[in-house]
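Trainee: Dropping a structure here in structure tokens format, bear with me for questions.
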Amino acid sequence: MCGIVGYIGHPEKTIDVLLKGLERLEYRGYDSAGIAYFKDGQINVLKKAGKLNCLEEIVDRNMLTEIGIGHTRWATHGEANEINAHPHKYGKIVAVHNGIIENMDELKKELEDKGKKFISDTDTEVFVAFLNDALEKYQDMKQAMEYTMKRVKGSYAIVCFHEDDLEHLYIMKKDSPLLIGVGKGEMYVASDYQAFREFTNQYVLLDDFEYGIIDKNAWHVYKDGKVVEKKIEVLDEQDSLSNKEGYDCYMHKEIYDIPNVLTNLFTFYEENDTHSVPDYRKYNKIQIVACGSAYHAGCIGKSLFAHFAQFPVEIEYASEYRYQPILADQNTLVIFVSQSGETADTIHCAKKIKEMQIDSLAIVNVYNSTLSRLTDYVYYMRAGEERAVATTKGYSSQVALFIIILREWMKARNTWTASLEQQYQEGKTKMLQAMEPCLKKFEHFSWIKKLIDKPANFFIGRQSDYALSMEASLKLKEVSYLNSSAYAAGELKHGTISLVEEKTPVFAIATDKNTYEKTKSNLMEVKARGAYVILTTLDTAEEEKEVDERMIVPDVGALFQPIITIIPFQLLSYQVAKALQLDIDHPRNLAKSVTVE
Ligand code: M6R
């Protein structure tokens, strides 16, 4: 979603830092971009709807200016046009903002009653106007920020500066990430350290309700009027910068990263028994809370716990969990799953669980992300930077971590037998060996055209194959914009089968040996109604003659099967989007990290 970058320091660097920072934040998804800087005795604001290259066309990269802020906006209040794009200037203050101001109407009315006028539809303009008004009253920026933060409700990461004060950047944070990048004779601010990591590896993380004043040599953070001592963090080497490495897009490259990511992940957790783990013996309930693909990975986790540990796991979308009574206690472990560690709904739930003093564990990729700091235990996904909006290696490493956690859980409870260990070792070796051939095998699908002009595509499966169907369907729709949905195979005949007509594509995933015959019956039902059936099954299963297409995956055993089975679907989605000439890494309307509710 929105991205923030700010800089104060060397005049010859400012514009370069802002534009490079915004480029690094592009992966998050946005629909307009802008910068503000000081030049010729005034604040200048340049902004454009559309992609960053539209903004870059109107910016002079050689311009000298000692202070500047930049923003990529994912529209919330008001359409994605130039007026609504950030930065917003009101009076003498110019600001960029991530988040949503919930009491915007009340604050706007208060300002309008004082005769203030607005030109955009945004909550950000109201925030800046309110801050500007407070500054006129207090004549002191620190007090103005304190007052504004008391009055504003909602989420915000704000970076601003003042026309008469070119020596300071001012920042405020609540429920939306904000970091200070520490340099020598220069300072950075950003919503994500990717924005300044090319320039410094030292940073300070702001916590909620903190605000700061930054000059080129020093930074000061406050809360409730008092100075807060903050620790300088150093970037972790596992968060290396990623590039396309010759692939046509990040999604393609990231699918090809999967074998290495998984090899390293399993080795890390097998060899590193010093990572902090909960006492798994004490829990009588697990709840998994996540969104999107992370939720689908959680569904695989639930299925693994049911089948191997005979332990019931509850799973909820974070956006639902946050509004329901929390049926958890001190013997519950709540597992949050999130690639970014910044998903607003998931973060909200983690805060609630922390307040209730219930044990929490995060499966998360981004080091030091908000989720990783809110939870008691963290299993890092170690997948490296994931830039494509559609997650691939992130999802695969989340599923892998559920296998790792299942093994640790069962070992702690003395239920992990020698035979399970053998299954684990053999399955893991088979799965890792099968990865590369599997990637090559599914690089091309001759029947892609048969999906493209259809009103709907369906994915069906049972148990973990149903979880895979949900992920396969989401992947296809998010990057190709084809209408697709997933159903538990047995549910189709309870209504949805009415949508199946001549040549409707139905993907049946049937890798679970226990339910294979049942799913087969369901695909026969749709075949009888004219569906174009694509069956995904194991290379050890009997050849199924009645289907139109087959996607045969290697049989690597029940524990690891979900990891290998998703690969052809990730590649299929990429291939369909490519055939349709879409922007694969930045699908329309989507954001990599969903930081609003
Ligand atoms: O960063 P998170 O894992 O918390 O993100 C959750 C979802 O927004 C994410 O998985 C989304 O569904 C992806 N775009 C799917 O590819």
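The values are calculated or read from the model by the stated rules, or taken from the named source; none is laboratory data. Bear in mind the structure is a predicted one, so any value in this text is a computation, not a measurement. Quick reminder, even Gly has a Cβ in these numbers, built from the backbone with ideal geometry, and neighbours come from all protein chains shown.
Trainee: Could you count how many residues in the range 160-179 are farther than 18 Å from Gly225 by Cα and under 30 Å from the mean Cα position of the chain (by Cα)?
Mentor: 7
Trainee: Just to verify a result, which residue in the range 303-326, among those that are without any contact (Cβ under 8 Å) to a residue 24 or more places away in the chain and away from the ligand (no atom under 16 Å from the Cβ), is surrounded by the most Cβ atoms within 10 Å (Cβ to Cβ)?
Mentor: Ala306
Trainee: Which of the residues that make up the range 364-381 are under 24 Å from Ala558 (Cβ atoms) and either near the ligand (Cβ under 9 Å from one of its atoms) or assigned to a loop (DSSP other than H, G, I, E, B) (or both)?
Mentor: Met381
Each row is one residue, and each column tells you yes or no for (1) assigned to a helix (DSSP H, G or I); (2) away from the ligand (no atom under 16 Å from the Cβ); (3) over 17 Å from His252 (Cα atoms).
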residue: Gln425; (1), (2), (3): yes, yes, yes
residue: Lys430; (1), (2), (3): yes, yes, yes
residue: Glu436; (1), (2), (3): yes, yes, no
residue: Lys450; (1), (2), (3): yes, yes, yes
residue: Pro455; (1), (2), (3): no, yes, yes
residue: Leu468; (1), (2), (3): yes, no, yes
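Trainee: What's the number of the condition Leu178 fails, among (1) over 26 Å from Val366 (Cβ atoms); (2) of a type outside the set (Gly, Ala, Ser); (3) out of contact with any Phe, Trp or Tyr (no Cβ under 8 Å at 6 or more places or on another chain)?
Mentor: Answer for Leu178: the failing condition is (1).
Trainee: Quick one: count up the residues across the range 167-186 that are touching a Leu at 6+ places or on another chain (Cβ under 7 Å) and surrounded by fewer than 24 Cβ atoms within 10 Å (Cβ to Cβ).
Mentor: Adding up the residues that qualify gives 1.
Trainee: For Gln357, which of the numbered conditions (1) modelled with pLDDT of 95 or more; (2) under 23 Å from Asn98 (Cα atoms); (3) in a loop (DSSP other than H, G, I, E, B) fails to hold?
Mentor: Here Gln357 clears every test but (2).
Trainee: Just a yes or no: is a residue in the range 328-347 at pLDDT 95 or above, surrounded by fewer than 20 Cβ atoms within 10 Å (Cβ to Cβ) and under 23 Å from the mean Cα position of the chain (by Cα)?
Mentor: No: the range 328-347 contains no residue that is at pLDDT 95 or above, surrounded by fewer than 20 Cβ atoms within 10 Å (Cβ to Cβ) and under 23 Å from the mean Cα position of the chain (by Cα).
Trainee: Can you say whether Arg588 is under 34 Å from the mean Cα position of the chain (by Cα), assigned to a strand (DSSP E or B), surrounded by fewer than 23 Cβ atoms within 10 Å (Cβ to Cβ) and of a type in the set (Lys, Arg), as far as the supplied structure shows?
Mentor: For Arg588, the condition - under 34 Å from the mean Cα position of the chain (by Cα), assigned to a strand (DSSP E or B), surrounded by fewer than 23 Cβ atoms within 10 Å (Cβ to Cβ) and of a type in the set (Lys, Arg) - is not met.
Trainee: When you look at Lys142, is it surrounded by fewer than 18 Cβ atoms within 10 Å (Cβ to Cβ), touching a residue at least 60 places away in the same chain (Cβ under 8 Å) and not in a strand (DSSP E or B), yes or no?
Mentor: yes
Trainee: Would you say Ala541 is at negative phi, surrounded by fewer than 24 Cβ atoms within 10 Å (Cβ to Cβ) and touching a residue at least 40 places away in the same chain (Cβ under 8 Å)?
Mentor: Considered against the rule, which asks whether it is at negative phi, surrounded by fewer than 24 Cβ atoms within 10 Å (Cβ to Cβ) and touching a residue at least 40 places away in the same chain (Cβ under 8 Å), Ala541 comes out as no.
Trainee: Met149: under 20 Å from Lys223 (Cα atoms) and in contact (Cβ under 8 Å) with a residue 60 or more places away in the chain, yes or no?
Mentor: Here the answer is yes, as Met149 does meet what is asked.
Trainee: Follow-up. Consider Thr519 against the criteria (1) closer than 25 Å to Arg588 by Cβ; (2) surrounded by 15 or more Cβ atoms within 10 Å (Cβ to Cβ): it satisfies all of them except one. Which criterion is unmet?
Mentor: (1)
Trainee: So, in the range 275-298, of the ones that are of a type in the set (A, V, I, L, M, F, W, C) and more than 16 Å from the ligand (Cβ to nearest atom), which residue ends up nearest to Ile563 (Cα to Cα)?
Mentor: Applying the filter and picking the extreme gives Ile286.
Trainee: Inside the range 1-68, counting only strands (runs of 3 or more DSSP E) that do not spill past its ends, which hold 3 or more residues that are among the β-branched types (Val, Ile, Thr) and either on the phi < 0 side of the Ramachandran plot or touching a Pro at 6+ places or on another chain (Cβ under 8 Å) (or both)?
Mentor: 3-8
Trainee: Every residue in the range 77-96 that is crowded, with 19+ Cβ neighbours inside 10 Å and in a loop (DSSP other than H, G, I, E, B), please.
Mentor: Asn84, Ala85, His86, Pro87
Trainee: Also, quick follow-up: Since Glu546 meets every condition but one in (1) surrounded by fewer than 16 Cβ atoms within 10 Å (Cβ to Cβ); (2) in contact with a helix residue (DSSP H, G or I) (Cβ under 7 Å, 6 or more places away or on another chain); (3) assigned to a helix (DSSP H, G or I), which condition does it not meet?
Mentor: Only one criterion in (1) surrounded by fewer than 16 Cβ atoms within 10 Å (Cβ to Cβ); (2) in contact with a helix residue (DSSP H, G or I) (Cβ under 7 Å, 6 or more places away or on another chain); (3) assigned to a helix (DSSP H, G or I) is unmet by Glu546, namely (3).
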